[in-house]
Amino acid sequence: MNSKKSSTTDALKWTGTQLQVLDQRVLPEEIRYDNYHDAQGVTEAITSMRVRGAPAIGIAAAYGVVLSVMVHYSENNPNWQQQVKEDIKQLSDSRPTAVNLFWALETMQKTLDAEKGNPIAILETLARKIHSDDIAANHKMGELGAQLLTEAKGVMTHCNAGALATGGYGTALGVIRSAYQQGLRKIYAGETRPWLQGARLTVWELAQEGIASTLIADSAAAWLMKSGAIDWIIVGADRIAANGDVANKIGTYSLSVLAKQHGVKVMVVAPTSTIDWAMTHGEQIEIEQRQAKELLNECYLNDDSLVDAWNPVFDVTPAHLISAIITERGVVLNPAEQNGVRCLQ
Ligand code: MRU
């Protein structure tokens, strides 16, 4: 790795009048921001995965609500609140698994219902706060998670839980960044089929900062663990149930089962906005199914094709396979033995 740069690329930029979204579908070949002026556009940006990653989806949705109020609010429009509500409903239908989306939208709606002043200013301040709180939480989690890695020879991450998936710094990649500062050098990333968040985003994001990493095919993970090169799998989360079960990118469950077999530990890093207190266990979490065309070769995309695809994009790892859950409020070791994550409530 020759070029050393210190800055991370922002997934989202708020200008005060529009939301600029980095199109993660075209990375790493192209760095392109699209501009959004309304909630419909932001909904499409989330559904199409221009922006992805649980915290980033929540932050984008919060700015989407601000744009909605900017479009509809006027003293001459008695229906503006109803119109904003409809936009919030549309935003909430964009993706089902990441709870940060619903958390951010509820937070925005509650403030909208309670406040009496200028709704644009109030909601813009709140969306900016959701964004900056997320970055602060990531730095805190980075510090807490890295404390468990002082002896680690190597780590592996899955999907992209970095700056691109959050307000900045990242969850799992935040911990890896902090551990890198302490001397961790062996960082493996799984490709993360079918969307290749690992191969296209994670290794690119790290390289932007001059951090070297090693990409592996997803199917090489068991053999990597068998080699003894890694002590930890470090991942983010889309939703954590109260008992500590974790929904995350498809493949996290298989990695956790493999980790158990090989004496490798599993660390989940997520802000408390990713905990869904209403879910007592992971089986209640809705798993997003995406279109077959994301998996299938084009020759199978016709009506009389005999080949279909099953494309769940998340899975649930039971708490008993997880060694540590890191949040900005603290660390839960062996959540299955601690009544899940309830001590953080
Ligand atoms: O489908 P994606 O790319 O939105 O899935 C992202 C993940 O599964 C991440 O691991 C999770 O959202 C945590 S991001 C900090």
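The values are calculated or read from the model by the stated rules, or taken from the named source; none is laboratory data. Please read these numbers as outputs of a predicted model, since none were measured by experiment. Cβ sites come from the backbone with ideal geometry, for glycine too, and all protein chains shown count toward neighbours. Quick note on the areas: whole protein, heavy atoms, side chains included, nothing else; ligands and nucleic acids left out. Shrake-Rupley method; radii C 1.70, N 1.55, O 1.52, S 1.80 Å.
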| said: For segment 285-318, give me each residue that is of a type in the set (A, V, I, L, M) and more than 19 Å from the chain's Cα centre (by Cα). | reply: Ala292, Leu295, Leu296, Leu301, Leu306, Val307, Ala309
| query | When segment 272-282 is examined, which residues are found to be within 16 Å of the ligand (Cβ to nearest atom) and of a type outside the set (A, V, I, L, M)? | reply | Thr272, Ser273, Thr274, Asp276, Gly282
| request: Please go through segment 23-41 and pick out each residue that is under 19 Å from His131 (Cα atoms), within 16 Å of the ligand (Cβ to nearest atom) and either open to solvent by 10 Å² or more (accessible area, probe 1.4 Å) or of a type outside the set (S, T, N, Q) (or both). | output: Asp23
| said: Quick check on my filter: what residues within segment 163-188 are within 12 Å of the ligand (Cβ to nearest atom) and more than 16 Å from Asp231 (Cβ to Cβ)? | reply: Ala163, Leu164, Ala165, Thr166, Gly167, Gly168, Tyr169, Gly170, Thr171, Leu173, Gly174
| Regarding Glu75, is this residue out of contact with any helix residue (DSSP H, G or I) (no Cβ under 6 Å at 6 or more places or on another chain), open to solvent by 30 Å² or more (accessible area, probe 1.4 Å) and either outside any helix (DSSP H, G or I) or of a type in the set (Gly, Ala, Ser) (or both)? | yes
| message | Every residue in segment 203-240 that is closer than 22 Å to Gly183 by Cβ and of a type in the set (Asp, Glu), please. | response | Glu205, Glu209, Asp231
| Failed item in (1) surrounded by 17 or more Cβ atoms within 10 Å (Cβ to Cβ); (2) within 16 Å of the ligand (Cβ to nearest atom); (3) assigned to a helix (DSSP H, G or I), with Glu44 passing the rest | (1)
| field | Number of the condition not met by Asn243 [criteria: (1) farther than 20 Å from Leu321 by Cα; (2) open to solvent by 20 Å² or more (accessible area, probe 1.4 Å); (3) not aliphatic (A, V, I, L, M)] | value | (1)
| query | Which of the residues that make up segment 48-72 are closer than 30 Å to Gly170 by Cα, open to solvent by 10 Å² or more (accessible area, probe 1.4 Å) and more than 16 Å from the ligand (Cβ to nearest atom)? | reply | Met70
| query | If you take the residues in segment 297-345 that are crowded, with 17+ Cβ neighbours inside 10 Å and charged (D, E, K, R), which one is nearest to Ala259 (Cα to Cα)? | reply | Asp315
| remark: Those residues of segment 189-207 that are within 10 Å of the ligand (Cβ to nearest atom) and among the aromatic types (Phe, Trp, Tyr) come to a total of 1
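Here is a yes/no grid of residues against (1) at positive phi; (2) without any contact (Cβ under 8 Å) to a residue 12 or more places away in the chain; (3) within 14 Å of the ligand (Cβ to nearest atom); (4) of a type in the set (D, E, K, R):
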site: Ile230; (1), (2), (3), (4): no, no, no, no
site: Ala242; (1), (2), (3), (4): no, no, no, no
site: Ile250; (1), (2), (3), (4): no, no, yes, no
site: Leu258; (1), (2), (3), (4): no, no, no, no
site: His262; (1), (2), (3), (4): no, no, no, no
site: Ala270; (1), (2), (3), (4): no, no, yes, no
site: Gln284; (1), (2), (3), (4): no, no, no, no
site: Glu298; (1), (2), (3), (4): no, yes, no, yes
| For segment 168-211, which residues satisfy the criterion of being open to solvent by 30 Å² or more (accessible area, probe 1.4 Å) and among the charged types (D, E, K, R)? | Arg185, Lys186, Glu191, Arg193, Arg200, Glu209
